[in-house]
1. Let me check I've understood the local charge: for LEU317, count other residues with C-beta under 9 angstrom from its C-beta, Lys and Arg +1, Asp and Glu -1. What total comes out?
2. Dipole magnitude of segment 4-218 about its Cα centre, charges +1 at Lys/Arg Cβ and -1 at Asp/Glu Cβ only, in debye to the nearest 20?
3. Ranking request for peptides 246-256, 400-410: highest mean number of other beta-carbon atoms within 10 Å first, then the rest in descending order.
4. Hey, how many Å between the Cα centroid of segment 343-389 and the Cα centroid of segment 213-259?
5. In debye, nearest 20: dipole of segment 58-122 around its Cα centre with unit charges on the Cβ of K, R (+) and D, E (-)?
6. Normalised by the number of residues in the chain, what is the relative contact order in percent for Cα pairs under 8 Å and 6+ residues apart?
7. With each pseudo-label sitting 7 Å past Cα toward Cβ, what's the GLU295-SER233 distance in nm, one decimal?
8. Can you tell me the orientation of helix 328-338 relative to the chain, as the angle in degrees between its alpha-carbon axis and the longest Cα principal axis, to the nearest 10?
Amino acid sequence: MQNIVVKVGGSNLKESNSLSRLINLMKGYKQPVILVISAFYGVTDRLEKAINGKSDADELLQYLHQIHQSALERYVKNEKSLTLTKKELSGCLKSLALLFSHGSRQDAATANAILSYGERLSARIVQAVLDNNGVLCQLAFPEELGFVSNRRFFQGSILLKKSSANLRQTLDAGATYVIPGFYGVSEQGETVLLGRGGSDYSAACLAHCVGASYLDVWKDVEGYLSGDPKVISHVKKIAHLSYLEAAELSYFGARILHPRTIRPLVSKKIEVRLYNPEIHLKVKNPIASTCISPETSTSPEVIKSVTSNDDIALLKLKGSGVGIKKGILAEVTGAFDKARINIRSVVTSQTAIHFIFSRADALKAKQIVDNINRNLDFDTEVDDDIAWVAAIGQGINQKEGIAARIFTALAVAGINVQQIVLGASEVAVYFVVKRKLVSKAAQAIHFEIFNHN
C-alpha cells in the first residue's frame with residue numbers, strides 16, 4: 001500500500017499559480033501517494049461567516065463557483081474532462097445551496113456539513129488538475145472510504161481501528177488518491193469536522209490507517225524554528241524534533257501542525273517531514289525543513305524552541321478547601337466536556353483551582369461553574385489579561401540550571417510570573433504572564449538560551 005501520505009494546506013492554494021507548483025511537487029513523487037487536501041485559501045472562513053449570517057450565502061456560492069471554475073479552465077485543457085468536472089462542481093454547489101436553505105443552518109450536523117464543502121470542492125478541482133497534467137490520480141471521499149469518526153461535531157476523532165479495516169478494503173494500493181481533509185463521517189453517516197486546522201490530523205490518521213512510512217506536510221514556512229520570527233530575532237532552524245517536542249510546541253502555540261497531528265503516528269512510528277515548496281523547487285537536492293520522529297535528540301542548549309500564546313484566559317475557583325473538596329473537580333470538568341469546552345490546563349491547591357481555556361470559552365466556562373456553585377461556597381473570577389510562554393526541549397526537566405536561567409532572564413527583564421508549571425511534561429515548562437509582556441518574555445528567554453554569548 002502507499003507508504004507516503006502527503007498533506008497540502010490552504011496556504012499553498014492561495015493563487016491560481018499555486019496549482020502549477022502543486023503539479024510539480026506531486027511529479028516529484030515516483031510512487032503512489034495519498035494526497036490530503038485543504039480548502040482553497042480563505043474558503044472555510046467565508047463559509048463560517050455565511051453560517052453565522054455575517055455574509056450572503058448566494059454571493060458566497062457565486063464566489064465559490066468562480067474561483068474553482070477559473071482554476072479548472074486554466075489547467076484542464078481536455079474538453080471532455082473539463083465538461084465533466086464542471087458538471088460535478090455545479091452539482092456540489094447545488095448540494096451546498098440546499099444546506100444553506102436548511103431552516104437551521106447553525107444546527108451542529110448542518111453546520112459541520114456546510115463547513116466541509118471547502119475541502120469537498122478543492123479536492124475535486126485538484127484531482128482534475130493533477131490528472132490532466134501528468135499525475136494520474138483518483139478522487140475519494142471519507143464517506144466512500146469508511147473514514148469513520150465519533151459523533152463529536154466540530155471536534156471529531158477518527159476511529160482508527162474501524163477506519164483502518166475499511167481503508168484496507170476500499171483503497172487500491174497501486175493508485176494515487178486525492179482525499180479531502182478536515183472531516184470524517186460518523187457511523188450514522190453524518191459529516192463530522194475534526195477541528196479547525198484538522199486536515200493535518202486527518203492526514204495523520206490516514207497515514208496510521210494505511211501504515212505509511214512518512215507523512216509529508218507542505219507548508220509555506222521554514223519548518224520549526226527556535227522562536228517566532230515575527231517576535232524574536234536571530235531564530236535558528238530545528239532539524240529534528242521528537243514526537244513529544246512537536247506535540248508540546250503545537251499545544252503551546254507554534255502553529256505549524258494541528259495539536260492532534262502527532263498522536264495517531266506514535267504507535268506506527270511514522271515520521272513527519274515538513275517541506276517548504278518555495279525552497280524545495282529551487283534547490284537540486286532538497287531536504288525536509290524539519291523531521292519529526294520517535295527518536296529523541298538533545299540540543300547543546302537543551303531548549304529547542306520558545307513559543308507563546310495570548311489567546312488564553314484563566315478561570316479561578318477560590319475558597320477554603322475548594323481544591324480538596326470531594327467531587328468538585330469531577331463535576332466541573334464533566335460539565336465543561338458536555339459543553340464542548342476544552343481545558344488547556346488545570347492547577348489545584350487547597351484554596352484554589354485554576355483552569356486555562358481559550359479566551360472564547362472563558363465566560364461560558366464561568367457561567368457553567370457559577371451554576372454549579374449555587375449549592376457550594378466558592379468564588380469565581382476570570383482573568384483574560386494573560387498569556388503563556390513555553391520552553392520546549394528534550395531533557396529540560398533533567399538538566400540542572402535551565403529553570404534558573406529562564407527565570408533569571410525574566411527577572412532581569414522585569415517580568416513577573418503569575419503561574420509556573422514544571423514537571424507535567426518531560427519536555428516542556430510553561431508559565432503565565434500579563435498579555436502585554438508575552439513578547440518581551442519570549443525574547444528574554446530566547447536571548448538567554450540562544451544568543452547570550
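Taken together, the values in this text are just the output of simple stated rules run on the coordinates, not laboratory data. A quick note: this is a predicted structure, and the numbers were derived from the prediction, not measured. With ideal geometry, Cβ positions are generated from the backbone for all residues, glycine too; neighbour counts draw on all protein chains shown.
1. In short, 0.
2. With only Lys, Arg, Asp and Glu charged at Cβ, the dipole is about 280 debye.
3. For the peptides 246-256, 400-410, the packing ranking is 246-256, 400-410.
4. Using only Cα atoms to place each centre, the spacing works out to 30 Å.
5. The dipole of segment 58-122 has a size of about 260 debye.
6. Once divided by the residue count of the chain, the mean separation gives 13 percent.
7. 3.6 nm
8. 20 degrees
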